[in-house]
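Take a look at the structure set out below.
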């Protein structure tokens, strides 16, 4: 399925939970009143203060979330027959049910400005089922309505087809890491230059560049000019032929290096570190080396930081060793590496791919059943792959960690918002 078809399927299949419907009114006996018809209106009625107007049997509550110069709190004004009442004329309680059946209550108290206001803060997102209980001049009234924002419905089948994946928020490690580059080189002491013992014509050469040889194998046969006998030149180590400096019929001189053999089963990784970063690098820290040709990685440990600086680049060289049993790590090749200087535990972490921007927040999306909803986050330390969550999530929340942008796109398409 192409991405265009997939996004189209998502758009058709998301059952967006719209917000801002009109409330249904009930009397103290639980019977729905005349306001039931208003519950199906596209937009709620607004009061003179810009809040949602809840009306029943001649009494009204205007309910808003005050955010001007204060953390979000419920604020209300009372009316009878459309005329304002003193806040002492009644009481108001707002009961919320958040996604996941999380209950939250807010009791409003009379203020000197003619309103009632809660002392408790309405945390973001302002997305919940609302129940308003009021008593005005001795008359008990009740309203219920939905006020959702940043929420959508995605069936499990569509989510799976779209590649939307969730994982629980949990404790983790935040690493102080440095991204560097380097070169692979043969390990010093594991390179042998094989020379002729006596001068004379080369009669036979048994190996070419790139061939594997074992210790004791005959590399060449040479006729000695002194004894006129043929002697063999053997390999002192097992490895691969890096260079062959003679040809059959040529004359080998005494001490002439006929072959260069290297044991490449392990290699040095010389990493170049620039500037102040060099002050933080110490032997013994973890290193992840990445082969640029195909992205294969290997874990190792930094062995030493060499004295002095590299002449050409004026960088500090830090050295690690990697295994090369398959021979696919080649001397002279450039590599990338990530040096982990420090690892710090964090109470809650999520992958960086879980983060999206929404309005002026950084958010993640949590899933409950087939419902997805934003969670504004306060973030702490981060590394190349994950970030610490200071607030906004709790351990075990099912967080969208892959294809989160598809969830964001559908929520933004809906334009859902709450009453402010």
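The values are calculated or read from the model by the stated rules, or taken from the named source; none is laboratory data. Small disclaimer: the values here were computed from a predicted structure and weren't measured. All Cβ positions, even for glycine, are placed from backbone atoms using ideal geometry, and neighbour counts span all protein chains on display.
Anything in the range 47-63 that is in a loop (DSSP other than H, G, I, E, B), surrounded by 17 or more Cβ atoms within 10 Å (Cβ to Cβ) and free of Cβ contacts under 8 Å to residues at least 40 places away in the same chain? List them, or say none. Show your work before the answer.
From the range 47-63, those in a loop (DSSP other than H, G, I, E, B) are 47-51, 57-58; that's our starting set.
Filter once more, keeping what is surrounded by 17 or more Cβ atoms within 10 Å (Cβ to Cβ): 47, 51.
Once the filter is applied, which keeps residues that are in a loop (DSSP other than H, G, I, E, B), surrounded by 17 or more Cβ atoms within 10 Å (Cβ to Cβ) and free of Cβ contacts under 8 Å to residues at least 40 places away in the same chain, the range 47-63 yields only 47.
Checking each residue in the range 235-248 for being exposed (fewer than 14 other Cβ atoms within 10 Å of the Cβ) and assigned to a strand (DSSP E or B) picks out only 243.
Screening residue 105 against (1) surrounded by 12 or more Cβ atoms within 10 Å (Cβ to Cβ); (2) modelled with pLDDT of 50 or more; (3) assigned to a loop (DSSP other than H, G, I, E, B) leaves a single unmet condition, (3).
None of 66, 39, 86, 76 is surrounded by fewer than 18 Cβ atoms within 10 Å (Cβ to Cβ), at pLDDT 85 or above and touching a strand residue (DSSP E or B) at 6+ places or on another chain (Cβ under 9 Å) except 86.
In the range 353-364, how many are more than 8 Å from the chain's Cα centre (by Cα) and either surrounded by 18 or more Cβ atoms within 10 Å (Cβ to Cβ) or under 15 Å from residue 171 (Cα atoms) (or both)? Before the answer, list the steps.
First, pick out the residues of the range 353-364 that are more than 8 Å from the chain's Cα centre (by Cα): 356-364.
Add one more test, that the residue is either surrounded by 18 or more Cβ atoms within 10 Å (Cβ to Cβ) or under 15 Å from residue 171 (Cα atoms) (or both), and what stays is 356, 358, 363-364.
Of the residues in the range 353-364, 4 are more than 8 Å from the chain's Cα centre (by Cα) and either surrounded by 18 or more Cβ atoms within 10 Å (Cβ to Cβ) or under 15 Å from residue 171 (Cα atoms) (or both).
Tell me, which residue of the range 141-164 that is part of a strand (DSSP E or B) and out of contact with any helix residue (DSSP H, G or I) (no Cβ under 8 Å at 6 or more places or on another chain) is farthest from residue 56 (Cα to Cα)? My answer is 153.
Answer with yes or no whether residue 255 is touching a strand residue (DSSP E or B) at 6+ places or on another chain (Cβ under 7 Å), surrounded by fewer than 12 Cβ atoms within 10 Å (Cβ to Cβ) and in contact (Cβ under 8 Å) with a residue 40 or more places away in the chain. Yes: the conditions hold for residue 255. Inspect all residues belonging to the range 295-317 and state whether any of them is in contact (Cβ under 8 Å) with a residue 60 or more places away in the chain and either within 30 Å of residue 151 (Cα to Cα) or in a loop (DSSP other than H, G, I, E, B) (or both). No, the range 295-317 contains no residue that is in contact (Cβ under 8 Å) with a residue 60 or more places away in the chain and either within 30 Å of residue 151 (Cα to Cα) or in a loop (DSSP other than H, G, I, E, B) (or both). Within the range 322-352, the residues that satisfy the criterion of being surrounded by 16 or more Cβ atoms within 10 Å (Cβ to Cβ) and either in the same structural domain as residue 168 (by TED's automatic domain parsing) or in a strand (DSSP E or B) (or both) are 322, 335, 336, 337, 338, 339, 340, 346, 348, 349, 350, 351. One residue alone among 278, 323, 262, 310 is out of contact with any helix residue (DSSP H, G or I) (no Cβ under 9 Å at 6 or more places or on another chain) and closer than 30 Å to residue 204 by Cα, and that residue is 262. Residues in the range 185-230 that are under 49 Å from the mean Cα position of the chain (by Cα), surrounded by 14 or more Cβ atoms within 10 Å (Cβ to Cβ) and not in a strand (DSSP E or B): 187, 190, 211. Across the range 89-100, the number of residues qualifying as in a loop (DSSP other than H, G, I, E, B) and buried (at least 16 other Cβ atoms within 10 Å of the Cβ) comes to 1.
Within the range 64-78, the set of residues being assigned to a strand (DSSP E or B) and out of contact with any helix residue (DSSP H, G or I) (no Cβ under 9 Å at 6 or more places or on another chain) comprises 64, 65, 66, 73, 74, 75.
How many residues are part of a strand (DSSP E or B) and either more than 40 Å from the chain's Cα centre (by Cα) or crowded, with 20+ Cβ neighbours inside 10 Å (or both) when one looks only at the range 118-140? Quick ask: steps written out before the conclusion?
The first filter runs over the range 118-140 and keeps only residues part of a strand (DSSP E or B), leaving 118, 128-136, 139-140.
Cutting the leftovers down to either more than 40 Å from the chain's Cα centre (by Cα) or crowded, with 20+ Cβ neighbours inside 10 Å (or both) gives us 118, 128, 130, 132-136, 139-140.
Selection size over the range 118-140: 10.
Going through the range 371-382 one residue at a time, which ones are surrounded by fewer than 15 Cβ atoms within 10 Å (Cβ to Cβ) and over 14 Å from the mean Cα position of the chain (by Cα)? Hit for the range 371-382 is 378, nothing else.
Looking only at the range 355-411, count how many residues are in a loop (DSSP other than H, G, I, E, B) and farther than 24 Å from residue 338 by Cβ. Full working, then the answer.
From the range 355-411, those in a loop (DSSP other than H, G, I, E, B) are 355, 359-360, 369-370, 377, 383-385, 392-397, 403; that's our starting set.
Of the ones still in play, those that are also farther than 24 Å from residue 338 by Cβ are 359-360, 369-370, 377, 392-397, 403.
Matching residues across the range 355-411 total 12.
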